[in-house]
Amino acid sequence: MSCSIDLAPLLGNSTDAADYICNKFTDSDFAINNTYLLFSAYLVFIMQCGFAMLCAGAVRKKNAVNIMLTNVMDAAAGAISYYLFGFAFAFGQPSNKFIGKHFFALKDIPSETAAFDYSNFLYQWAFAIAAAGITSGSIAERTRFTAYLVYSFFLTGFVYPVLSHWYWSPDGWANPSRSDSLLFSSGVIDFAGSGVVHMVGGIAGFWGALIEGPRIGRFGGGTDRPRGHNTALLVLGTFVLWFGWYGFNPGSFLIINKAYGASGSFYGQWSAIGRTAVTTTLAGSAAGLTTLVAKKLLTGAWGLADVCNGVLGGFAAITSGCSVVEPWAAIICGIISALVLIGFNMLSEKFEFDDPLEAAQLHGGCGAWGILFTSLFAKKEFVNEVFGARSGGRPYGLFMGGGGKLFAAHIVAILVNIGWVSATMAPLFLLLKHLNLLRVSQDDEAKGMDKTHHEGGAYHDESDGETHVELTVSNRTATVAPQV
């Protein structure tokens, strides 16, 4: 209506022409924003490939097929469960403050009232399966495949959606965009999911790994301690995840075509999206460099795998506040996240907690730090731009002069996240263990999951796991066994 009123005088007071042009502008706006969201969804989905490569490189060769299949099933089982229940529990409107109750099996989608289209489902599904992919790394190399299917379906269909409803649904009790937020008049700023995604996956993985127990030979000082078999896959997975994070964090704005202030301004949501990509990059980079130096001081070696996990820990931490902090603050976030990860890894060694991918420490620990970090460094200007200004002002970062309300809300969020995931996932893993559906036999574990539970190894070995190739050099034939 405003567009037509402004435009009609320029068209000789032709309201029909003004309405036509304004409707075309509206169509273009929807098309631009939906295209942006779909592209972001594709980026987040490609992170499943990153998880698969990272996990495959971090486990022993005899379990590579098993862990990659779990990542495929996270996407497939997660798609069905999120379609049937998950999206409705997370975003079904109208609803109450704790759980959604509409849009089951995408009924009534697209919804003009809720402003949801199919692109919203696809984007949120990609997030849900990321949480399940995190958990699969914690329980790798000793878990029955049935258990993977059960927990993945349950996590993406119920546990994750309910918690994401609290923070991201317009009706959620902790959503910072609510005008009547019940949590310290603040709500929780978890913009892209340090808590909603990473803490959920990490805490679920913690309980799974704790209840299963460590892998055979992981502790005790033996020479056959489990080690990852392929650093190339590890690095490839890290870079694919890095690439996908540019859909994860900047994409969480959901729309790009929005001006901050008067129309025609150079500065708008597109600027905030660019800033979010920068803070994401700086946090991961700072974490990687800090890990490199810290591990050199601790072990005397430049550790490649440690640096890869350090980078990912920085990304997991900045995900909460990526849109509301300055770039310099993102560097602080990354530095401390690296120290958090190293500290949790030391504790896991001390208490003989076995997580092959360090997923519980990385996503759970660094995710919790990210929630805390946002409550300290969120900038007033950015908070008002992203979540909307309020009469009387809204809380922002404690260290930025915003008082302690946001900090208090985020402490509550960390405790609630731990409590919810523990109350739902720990009983599930205990039940699976009681039914003998959780862990494979010691004999199967020793032989490898690929040989005992699948169709064979990832590299199709015939005998000793090495492919022999004949080379003819200077009229002499030599048999070489390249390392895999």
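Structure notes:
- Semi-axes of the equivalent ellipsoid of the chain are 42, 25, 23 Å, computed as sqrt(5λ) over the eigenvalues of the C-alpha gyration tensor in descending order.
- Unit charges on C-beta of K, R, D, E only; dipole of the range 104-199, Debye: 380 debye
- Sites ASP6 and PHE39, calculated FRET efficiency, Cβ-Cβ separation with R0 41 Å, nearest 0.05: 0.85
- Annotation for LEU347 and TYR267: the two label points, set 7 Å from Cα along the Cα-Cβ direction, are 4.0 nm apart.
- Around the amide H of PHE116, modelled in the peptide plane, lie the amide H atoms of SER111, all under 5 Å away and 5 or more residues distant in sequence or on another chain.
- For LYS433, the lysines whose Cα falls under 25 Å of its own Cα, not counting residues fewer than eight places away in the same chain, are LYS62, LYS350, LYS447, LYS451.
- Cα radius of gyration and Dmax for the range 219-298 (Å): 19.7, 67
- Accessible surface of the chain, 1.4 Å probe, proportion on carbon and sulfur as whole %: 64 percent
- Helix 405-434 and the longest principal axis of the C-alpha atoms of the chain enclose an angle of approximately 40°.
- Cysteines, the chain, no other Cys beta-carbon under 4.7 Å: CYS49, CYS55, CYS308, CYS322, CYS333, CYS366
- Straight-distance candidates among the lysines for linking to LYS24, with alpha-carbon spacing under 29 Å and chain neighbours fewer than 8 residues away dropped: LYS107, LYS258.
- Given charges at beta-carbon only (K, R positive; D, E negative), |dipole| of the chain in Debye: 960 debye
- Judged by the mean number of other Cβ atoms found within 10 Å, the most tightly packed of the peptides 183-190, 419-426 leads the ranking 183-190, 419-426.
- Pairwise FRET efficiency - ASN436 versus ALA105, Cβ, R0 = 22 Å, nearest 0.05: 0.10
- Per residue, the accessible area of the chain comes to 43 Å² when a 1.4 Å probe rolls over the protein heavy atoms.
- With a cut-off of 20 Å on the backbone N, the residues of the range 36-59 near the modelled label site 7 Å out from TYR459 along Cα-Cβ are 52-59.
- The range 56-160, relative contact order [Cα under 8 Å, separation at least 6], %: 36 percent
- The angle separating the long axis of helix 200-212 from the principal Cα axis of greatest extent in the chain is about 30 degrees.
- Simple spin-label estimate for PHE30 and ASN96 gives 3.3 nm between the two label positions (7 Å along the Cα-to-Cβ direction from each Cα).
- Estimated distance in nm for a label pair at PHE219 and LEU182, the labels positioned 7 Å out from Cα along Cα-to-Cβ: 4.1 nm
The values are calculated or read from the model by the stated rules, or taken from the named source; none is laboratory data. This structure is a prediction, so every number in the text was calculated from the model and none was measured. No Cβ is skipped: glycine too gets one built from the backbone with ideal geometry, and neighbour counts run over all protein chains shown. With ligands, DNA and RNA removed, areas are computed over all heavy atoms of the protein, side chains included. Shrake-Rupley method; radii C 1.70, N 1.55, O 1.52, S 1.80 Å.
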